[in-house]
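Since the structure comes first, as structure tokens, the remarks are kept for the end.
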Amino acid sequence: MSDTDDGWSGEVFGLIKEAGISLITTVPDAGLTRLLNMCSKDPDVRVVTLSTEEEGVGIGYGAWLGGTRSLLCLQSSGTGNIINGLALPAFAESPCLMLVTMRGQEGEGNPAQFPMGRAVASVFEAMGVTCLEATDNKEVASYFRQAVDMAFGEGKAVAVLIAQQVIGSKTFGK
Amino acid sequence: MEMLNRREVLAQILENRGNALIVPGLGTANYDLFAVSSRDENAYMWNAMGLTVPTGLGLAIAQPDRRVLVVTGDGEMMMGIGSLSVVAAQAPKNLSILVVDNEMFEETGAQTGLSATCVDIAQIALGSGIQKTMTVNNGNEVARLAEFLLEEEGPVLAVAKVGPSADKPVYPTMDGPGIVRTFRAAVLGATNA
């Protein structure tokens with residue numbers, strides 16, 4: 001993935017800093033590369049690579065117990081991995097902020113991505129997570145700001161979904 | 001050989017708890033901690049099986065000057081076993097993990113666990129990159145275990161092989177938001193909770 005401006009990563013990074021988020025947990029995705037690179041280069045932001053996305057929910061809960069704000073970044077295919085974990089912030093009414101880059105939507109080159117891609121919003125909603133889906137790169141920052149306020153202001157679980165049309169599609173040579 | 005009494009082992013470890021923050025896994029670890037060291041600095045877990053170590057890791061990152069101790073069972077640990085590699089990669093000096101290994105799912109009817117036969121959790125920890133591990137089978141080793149968990153530079157993981165619970169469960173609060181409020185007030189001060 002090139003490092004050219006995607007129209008949202010820089011703004012989201014600015015909001016991460018502004019919100020005092022100092023911990024990023026992630027199973028990476030191509031669409032998150034630019035943002036994760038910015039976070040990795042910042043000496044005040046710690047990026048934790050996970051073995052499964054669910055760990056990010058636990059790390060985020062523990063960090064909140066200790067006074068640190070965190071963000072879980074994942075590809076939409078990881079949504080299925082975190083259902084068990086989402087019971088924790090729901091039970092505790094504690095913040096759970098997520099940024100999800102979508103696969104399995106229009107333009108997807110890999111049909112294996114469709115089942116999870118189609119289920120993402122309903123899975124999140126079933127677990128009480130509010131979804132804000134940005135279908136244009138200009139919407140990402142405003143949704144992210146709203147999500148930060150809901151998570152850390154109201155103790156909610158919130159996922160900002162970035163639609164595949166914003167990220168671009170992996171075409172698999174088609 | 002007489003099997004270790006899990007609640008007595010935990011009580012002995014926590015005789016010199018100091019200001020350690022403790023995250024007990026759901027089930028008997030939760031009840032034992034409540035029985036032997038009921039404090040505001042206990043982050044009782046009631047769900048999200050497999051996430052006790054990640055919760056301890058997040059806490060250890062947020063509170064680098066406090067010892068953070070995860071106490072959990074073998075079944076709970078197995079469900080989140082990949083998190084040991086995340087702990088090793090982050091290498092928090094203040095994080096200790098105690099796996100209270102009864103080799104069964106006692107909470108659900110004492111069904112045989114994976115560690116009863118082929119799985120060695122301390123070996124998995126070593127292979128995950130946690131370089132300091134300890135396995136304890138008898139009472140003579142518990143004093144050293146306490147020192148290992150509370151004094152040794154982390155990350156460390158110990159397995160205590162124990163018998164079935166000899167004591168009745170006692171239950172901490174099930175008020176999820178209350179657990180968070182109480183814990184944060186104790187650690188961060190009332191105004192930040």
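Test B:Asn192 against the criterion of being buried (at least 17 other Cβ atoms within 10 Å of the Cβ) and closer than 18 Å to B:Gly58 by Cβ, and give yes or no. Break it down into steps so the answer makes sense when it comes.
Values: buried (at least 17 other Cβ atoms within 10 Å of the Cβ): no; closer than 18 Å to B:Gly58 by Cβ: yes.
When the stated conditions are applied, B:Asn192 does not pass them.
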Note: among A:Val100, A:Val48, just one is within 17 Å of the chain's Cα centre (by Cα) and either under 18 Å from A:Phe144 (Cβ atoms) or in a helix (DSSP H, G or I) (or both), namely A:Val100
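Name the single residue that is farthest from the other protein chains (Cβ to nearest Cβ) among those in region B:47-65 being assigned to a loop (DSSP other than H, G, I, E, B) and not charged (D, E, K, R). Talk me through it step by step, then tell me what you get.
Step one: list which residues in region B:47-65 are assigned to a loop (DSSP other than H, G, I, E, B), which gives B:47-51, B:63-65.
Still in the list and also not charged (D, E, K, R): B:47-51, B:63-64.
Details: B:Asn47: 4, B:Ala48: 4, B:Met49: 7, B:Gly50: 7, B:Leu51: 3, B:Gln63: 4, B:Pro64: 9 Å.
It comes out as B:Pro64.
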Scan of region B:37-46 for residues that are in contact with a strand residue (DSSP E or B) (Cβ under 7 Å, 6 or more places away or on another chain) and at the interface with chain A (Cβ under 7 Å from one of its Cβ atoms), ordered by number | B:Ala43
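A:Gly107: over 25 Å from A:Glu18 (Cβ atoms) and either facing another protein chain (nearest Cβ under 8 Å) or not in a loop (DSSP other than H, G, I, E, B) (or both), yes or no? Spell out how you get there, then give the answer.
On the way: over 25 Å from A:Glu18 (Cβ atoms): yes; either facing another protein chain (nearest Cβ under 8 Å) or not in a loop (DSSP other than H, G, I, E, B) (or both): no.
Answer is no for this residue.
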Using beta carbons and a limit of 6 Å, which pairs, at least six apart or on different chains, have the first residue in region B:91-110 and more than 17 Å from B:Arg6 (Cα to Cα) and the second one outside any helix (DSSP H, G or I) and of a type in the set (Gly, Ala, Ser)?
-> B:Pro92/B:Gly154; B:Lys93/B:Gly154; B:Asn94/B:Gly154; B:Leu95/B:Gly154; B:Ser96/B:Gly154
Those residues that are within 21 Å of A:Met150 (Cβ to Cβ) and assigned to a loop (DSSP other than H, G, I, E, B), I need them from region A:24-44; list them, please.
-> none
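Of the residues B:Arg17, B:Arg6, which is away from chain A (no Cβ under 14 Å), buried (at least 22 other Cβ atoms within 10 Å of the Cβ) and farther than 20 Å from A:Thr68 by Cβ?
Numbers: B:Arg17 fails: buried (at least 22 other Cβ atoms within 10 Å of the Cβ).
Within the list B:Arg17, B:Arg6, the selection yields B:Arg6.
Does A:Gly60 satisfy the criteria of being in a helix (DSSP H, G or I), out of contact with any Phe, Trp or Tyr (no Cβ under 8 Å at 6 or more places or on another chain) and closer than 20 Å to B:Val87 by Cα? Working first, answer last.
Numbers: in a helix (DSSP H, G or I): yes; out of contact with any Phe, Trp or Tyr (no Cβ under 8 Å at 6 or more places or on another chain): yes; closer than 20 Å to B:Val87 by Cα: yes.
Judged against the criteria, A:Gly60 is a match.
Kindly indicate the residue of region A:107-134 that is polar (S, T, N, Q) and at pLDDT 95 or above and also farthest from A:Ser9 (Cα to Cα) among those meeting that condition. Show your work before the answer.
Step one: list which residues in region A:107-134 are polar (S, T, N, Q), which gives A:110, A:113, A:122, A:130.
Narrowing further to those that are at pLDDT 95 or above: A:122, A:130.
Values: A:Ser122: 26, A:Thr130: 21 Å.
Filtering first and then ranking leaves A:Ser122.
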Of the criteria (1) among the polar types (S, T, N, Q); (2) in contact with a strand residue (DSSP E or B) (Cβ under 7 Å, 6 or more places away or on another chain); (3) within 21 Å of B:Gln123 (Cβ to Cβ), which one B:Asn94 fails = (3)
Looking at A:Ala141, is it touching an Asp or Glu at 6+ places or on another chain (Cβ under 6 Å) and assigned to a helix (DSSP H, G or I)?
-> yes
Residue pairs within 9 Å by beta carbon, gap of at least six or interchain, first lying in region A:27-42 and over 17 Å from A:Glu53 (Cβ atoms) and free of Cβ contacts under 8 Å to residues at least 60 places away in the same chain, second part of a loop (DSSP other than H, G, I, E, B) and among the aromatic types (Phe, Trp, Tyr), listed first then second, are A:Arg34/A:Trp8
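The values are calculated or read from the model by the stated rules, or taken from the named source; none is laboratory data. Just so we're clear, the structure is a prediction, and the values are computed from it rather than from any experiment. Glycine also receives a Cβ, built like all others from the backbone with ideal geometry; neighbour counts cover every protein chain displayed.
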